[in-house]
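Written out below as structure tokens is the structure these notes cover.
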Amino acid sequence: MGTINSALSVTTGALDADQEALNVVANNVANANTTGYTEETPDWQENAPIEVGGISIGDGVTETGTTSQRDRVLEERLDQQQQLASASSTRLTALNNMQALFTPDSGSSGATAGDIGSDITSFFDSFSSLESDPTNNALREQVLSSASTLAGDISGAASSLNSQSAALDQEASGVVGQVNSLTSAIAQLNLEIQSTSPDGDAGTLEDQRQQDLSQLSQLIGINQVTTENNGLSITTTSGQLLVSEGQSTQLTTGAVNGVMDFFLGGTDITADLASGGGQLGGYLTARDVDIPGALSSLDQLAYGISTSVNAQNNAGTDLDGVTGTPANPLDIFNEPAQAAGSAAAMSVVMTNPNQIAAASAGNGTGDNSNAVTMANLASRLIVNGQTPINSYSNFVSTLGATFTEVQTENTAQTASVTQLQTQNNALSSVNLNDEAAAMSTLENSYQAASQVFTLLNSIMASALNLGEETAVT
Amino acid sequence: MRVDPSYITNLVGSLDGTQASEQQLSAELSSGVSITSLSQNPVGSGENVLLLNQIQQDDSFTQSSNLVTGQLQVADSALGSVVSELTQAISLATSANNGTLNASDVQSIGNQISGILDEVQSLANTSYQGQYIFAGGKTGAAPFSTSTATSPAVTSYNGDENVNQLELPNGQKIQLNVPGGQIFLGGGANSVFGALNALVADYSSGTVNTQQAASDTAALSTALNYVSQQRVTIDNSMTQLTAASSAVTNEQTQLTTAQTDLMQADLPTISTQLSLAETQQTALEDVIAQLESTSNNLFNKLQP
């Protein structure tokens, strides 16, 4: 009797275990398309055997919980690659906007409007033309108008770059809010996980935490450090603490020298963030490295041309017989004080074409030798050790090459992300075929257990009715 | 071996890739330009800037040389007329010197030579588009004027010795003018005006001092040769200019071809690439459709 009862309880235990396992399968299938959900498998535990009369008898099975199919190391590697891919693709977008300002001139039907290279050539060519007839008013007007076009296009490009920088500033600041809410959420999850499952995988809570980590690593470069009791510390790539156990530190922003800087605690970590990865790293690299580099090249170009041309014009005699002096200079461009900022400020200040000094100082106004010298500035090393056109040519090549370099990196990183993602999905995503097979197995097992139950039930009835005509069936 | 259940997402990603590639190729085909952004060919973009620079410079020179040619031709033509006038003056002086003419005839010759002097001075004061071309650098005012306060009269030059040059794209320089002082006052011994004024004075009274007149006529001959030599400088410039123009035009043609090769789309290659991309796209779409249409998990196959 006792053994039949215990057999019955073993069977009911089996039916319960199968039912719970079926619940797990149903949960998996229901969450097959949930982002970040990790497939769970039921844990079977054999119950401790019972000693009866010196004989060990098994006591059935219990379903003790579920195990999430997760590889923490794989997920961390995936996060690291996403950081890199995210940073390079953000930077690539910014570089693309930059290079769009300097589209190559196809040259098929005259110069492309706004092409700085052809503006430089036209400007110095206007002096070459002036050589042939230095007193000609139309040719003098041509000098001033090509100067205007050049100054307009250079200052236009510089001001567009400045606008792009301001836009990147805004976008970078926008990321901060998202980062802060994610770090707070992770800190909260840390506490919950540490209290509910300090020794093992935390299941759904861990799913959430990994999901938050994945999003965070796309925004900002992070390092993850597992601590005791299933806790997690998060630092930036260069080591500043973002999350420690249940505490999260908020990123703040503040304006420094006209751009947005980023602070953690009281420390300015902008430079570290730029090299750290994630979207924020991409924005900051574009804002603090790429754009200033381009502006510096344009500034050198504007400064070199403006100062050299002005100086040469003041070394000659204009059509009215006047020579420029320091007190009353004959400047064509506004004279810049230093290279920085000279591109955005480049403009033509001369309005009277008579003031172009085609003649050398002291010569008659029909002399063209100063115009010859001014035309020859085009082949002198007046822009930071290069000729103006070589300087511009090198500038566009370098910008294009930087883009190509980042693009190559990004392609490799994206491919790596795809590969890791596939590996991770293969391990952790719900595979409907597996669930169907599991369901089928559990169904059979349930049927078998209930058959055993029916059998035991009839044996019990026989035992109860031992020797008697059946009153109990 | 486990399998990524969401691999179809990757295939769709590839589909985006082929579509992007198709768009890029179609844009190149329709615009005819192969390099639409710096990153497509960074080195080529840099070269393109330099090629266009040269082409533009050559173009600008061609236009300048047309302007300058006009001026040189006017100078040449003026000096040609001067040579004719001086030849006539020498012929008149020679006939006056042979002693067969009477006083009034001699005086008449004196007047004719005076008329020739006025004509030569007017030619020396030639202007082209408002600028005096034989004034050196002081092109704003007529350079030559004659004062009859003394006898012989004195023609003076108010221009300067400035010589303008036009620089070619290859750095060579072409002389654009010869200063009037150099041509017509030629350092005393070769002075056209000096000789003419002297002859006018010689014949003004009607009586000819044969030795003086012969010496002055010889001086005028020397001056005429000198003017012819100066004219050669102008002619040389014109020749150099023509040669330079044709060399520059040739260079411009070659550079334009190089630049076109660099920038223009290679239509056959693009058409082939476009057709490949389209094929790949169609194949991908078919595969995806096939995979998604069949019921592809075990649940559909299990008996309820």
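When the strands (runs of 3 or more DSSP E) confined to segment A:20-97 are screened for residues that are of a type in the set (Val, Ile, Thr) and outside the structural domain of A:LEU284 (by TED's automatic domain parsing), those reaching at least 2 such residues are found at A:50-52, A:55-57, A:61-68. Cβ separations smaller than 7 Å between residues 6+ apart or across chains give no pair from segment B:256-275 residues that are in a strand (DSSP E or B) to residues that are exposed (fewer than 13 other Cβ atoms within 10 Å of the Cβ) and at pLDDT 90 or above. Does segment A:254-263 include one or more residues that are in contact with an Asp or Glu (Cβ under 6 Å, 6 or more places away or on another chain), in the same structural domain as A:ASN363 (by TED's automatic domain parsing), over 30 Å from A:ALA357 (Cβ atoms) and among the acidic types (Asp, Glu)? Checked segment A:254-263: at least one residue is in contact with an Asp or Glu (Cβ under 6 Å, 6 or more places away or on another chain), in the same structural domain as A:ASN363 (by TED's automatic domain parsing), over 30 Å from A:ALA357 (Cβ atoms) and among the acidic types (Asp, Glu).
Rundown of residues vs (1) buried (at least 22 other Cβ atoms within 10 Å of the Cβ); (2) hydroxyl-bearing (Ser, Thr, Tyr), yes/no style:
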| position | (1), (2) |
| --- | --- |
| A:GLN142 | no, no |
| A:ALA147 | yes, no |
| A:GLY152 | no, no |
| A:SER155 | no, yes |
| A:ALA158 | yes, no |
| A:ASN162 | no, no |
| A:LEU168 | yes, no |
| A:GLU171 | no, no |
| A:SER181 | no, yes |
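Restricting attention to segment A:78-108, which residues are more than 16 Å from A:THR404 (Cα to Cα) and more than 11 Å from chain B (Cβ to nearest Cβ)? Hits for segment A:78-108 are A:LEU78, A:ASP79, A:GLN80, A:GLN81, A:GLN82, A:GLN83, A:LEU84, A:SER86.
Is it true that B:LEU166 is touching a helix residue (DSSP H, G or I) at 6+ places or on another chain (Cβ under 6 Å), under 26 Å from B:TYR203 (Cα atoms) and modelled with pLDDT of 90 or more? Considered against the rule, which asks whether it is touching a helix residue (DSSP H, G or I) at 6+ places or on another chain (Cβ under 6 Å), under 26 Å from B:TYR203 (Cα atoms) and modelled with pLDDT of 90 or more, B:LEU166 comes out as no. Collect the residues in segment A:193-214 that are buried (at least 16 other Cβ atoms within 10 Å of the Cβ) and outside any helix (DSSP H, G or I), keeping them in residue-number order. Listed by number, the residues that qualify are A:SER197, A:ASP201, A:ALA202, A:GLY203. Looking at the structure I just gave you, is A:SER428 surrounded by 17 or more Cβ atoms within 10 Å (Cβ to Cβ), more than 7 Å from every other protein chain (Cβ to nearest Cβ) and in contact with a Lys or Arg (Cβ under 9 Å, 6 or more places away or on another chain)? So A:SER428 fits the description; yes. Residues that are surrounded by fewer than 24 Cβ atoms within 10 Å (Cβ to Cβ) and either of a type in the set (Val, Ile, Thr) or within 7 Å of chain B (Cβ to nearest Cβ) (or both) within segment A:362-374 comprise A:ASN363, A:GLY364, A:THR365, A:VAL372, A:THR373, listed in sequence order. Is it fair to say A:ALA401 is in the same structural domain as A:LEU8 (by TED's automatic domain parsing) and among the small types (Gly, Ala, Ser)? For A:ALA401, the condition - in the same structural domain as A:LEU8 (by TED's automatic domain parsing) and among the small types (Gly, Ala, Ser) - is not met. Can you name every residue in segment B:25-50 that is at the interface with another protein chain (Cβ under 8 Å from one of its Cβ atoms) and of a type in the set (A, V, I, L, M)? Passing the criteria: B:VAL33, B:ILE35, B:LEU38, B:VAL43, B:VAL49, B:LEU50.
Every test in (1) modelled with pLDDT under 95; (2) closer than 30 Å to B:GLY137 by Cα is passed by A:VAL349 save one, and that test is (1).
For the criterion of being farther than 30 Å from A:ALA157 by Cβ, in contact (Cβ under 8 Å) with a residue 40 or more places away in the chain and not assigned by TED's automatic domain parsing to the domain that holds A:VAL289, A:ASN424 passes.
Once segment A:301-322 is narrowed to residues that are among the hydroxyl-bearing types (Ser, Thr, Tyr) and buried (at least 20 other Cβ atoms within 10 Å of the Cβ), the residue that is nearest to the chain's Cα centre (by Cα) is A:TYR303. I'm checking my understanding of the structure. Among residues of segment B:245-267 that are within 19 Å of B:GLU28 (Cα to Cα) and touching a Ser or Thr at 6+ places or on another chain (Cβ under 6 Å), which one is nearest to the other protein chains (Cβ to nearest Cβ)? So, considering only residues that are within 19 Å of B:GLU28 (Cα to Cα) and touching a Ser or Thr at 6+ places or on another chain (Cβ under 6 Å), the one nearest to the other protein chains (Cβ to nearest Cβ) is B:MET263. Here is the figure for segment B:139-162: residues that are within 11 Å of another protein chain (Cβ to nearest Cβ) and free of Cβ contacts under 8 Å to residues at least 24 places away in the same chain total 4. Just one of the listed residues (B:VAL227, B:VAL200, B:VAL232) is of a type outside the set (Lys, Arg) and in contact with a Pro (Cβ under 9 Å, 6 or more places away or on another chain), and it is B:VAL200.
Of all residues in segment A:280-298, exactly one satisfies the criterion of being farther than 17 Å from A:VAL259 by Cβ and crowded, with 22+ Cβ neighbours inside 10 Å, namely A:LEU298.
Only one of the numbered conditions (1) at the interface with another protein chain (Cβ under 10 Å from one of its Cβ atoms); (2) under 30 Å from A:GLN82 (Cβ atoms); (3) touching a Leu at 6+ places or on another chain (Cβ under 9 Å); (4) not small (Gly, Ala, Ser) is not met by A:LEU420, and that is (1).
Of the strands (runs of 3 or more DSSP E) contained entirely in segment A:215-316, those carrying at least 3 residues that are under 30 Å from A:VAL73 (Cβ atoms) and among the hydrophobic types (A, V, I, L, M, F, W, C) fall at A:241-244. So is A:ASP268 of a type in the set (D, E, K, R), out of contact with any helix residue (DSSP H, G or I) (no Cβ under 9 Å at 6 or more places or on another chain), surrounded by fewer than 19 Cβ atoms within 10 Å (Cβ to Cβ) and closer than 30 Å to A:THR64 by Cα or not? Against the criterion (of a type in the set (D, E, K, R), out of contact with any helix residue (DSSP H, G or I) (no Cβ under 9 Å at 6 or more places or on another chain), surrounded by fewer than 19 Cβ atoms within 10 Å (Cβ to Cβ) and closer than 30 Å to A:THR64 by Cα), A:ASP268 does not qualify. Can you say whether B:GLU22 is more than 7 Å from every other protein chain (Cβ to nearest Cβ), over 30 Å from B:GLU285 (Cα atoms) and among the charged types (D, E, K, R), as far as the supplied structure shows? Here the answer is no, as B:GLU22 does not meet what is asked.
Restricting segment B:163-193 to residues that are in contact with a strand residue (DSSP E or B) (Cβ under 8 Å, 6 or more places away or on another chain), of a type in the set (S, T, N, Q) and surrounded by fewer than 23 Cβ atoms within 10 Å (Cβ to Cβ) leaves a set whose member that is farthest from the other protein chains (Cβ to nearest Cβ) is B:GLN175. Taking the criterion of being acidic (Asp, Glu) and away from chain B (no Cβ under 14 Å), would at least one residue in segment A:58-74 satisfy it? Yes, segment A:58-74 contains at least one residue that is acidic (Asp, Glu) and away from chain B (no Cβ under 14 Å). Name the pairs whose Cβ atoms lie under 9 Å apart, with the first residue in segment A:175-198 and within 12 Å of A:ILE234 (Cβ to Cβ), the second among the small types (Gly, Ala, Ser) and in a helix (DSSP H, G or I), and 6 or more positions between them or separate chains? If the second residue must be among the small types (Gly, Ala, Ser) and in a helix (DSSP H, G or I), the pairs left are A:VAL179/A:GLY278.
Residues that are of a type in the set (Asp, Glu), within 17 Å of A:VAL348 (Cα to Cα) and out of contact with any Cys (no Cβ under 9 Å at 6 or more places or on another chain): does segment A:101-117 have at least one? Scanning segment A:101-117 turns up no residue that is of a type in the set (Asp, Glu), within 17 Å of A:VAL348 (Cα to Cα) and out of contact with any Cys (no Cβ under 9 Å at 6 or more places or on another chain).
The values are calculated or read from the model by the stated rules, or taken from the named source; none is laboratory data. As the structure is a prediction and not an experimental result, all values here were calculated from the model. With ideal geometry, Cβ positions are generated from the backbone for all residues, glycine too; neighbour counts draw on all protein chains shown.
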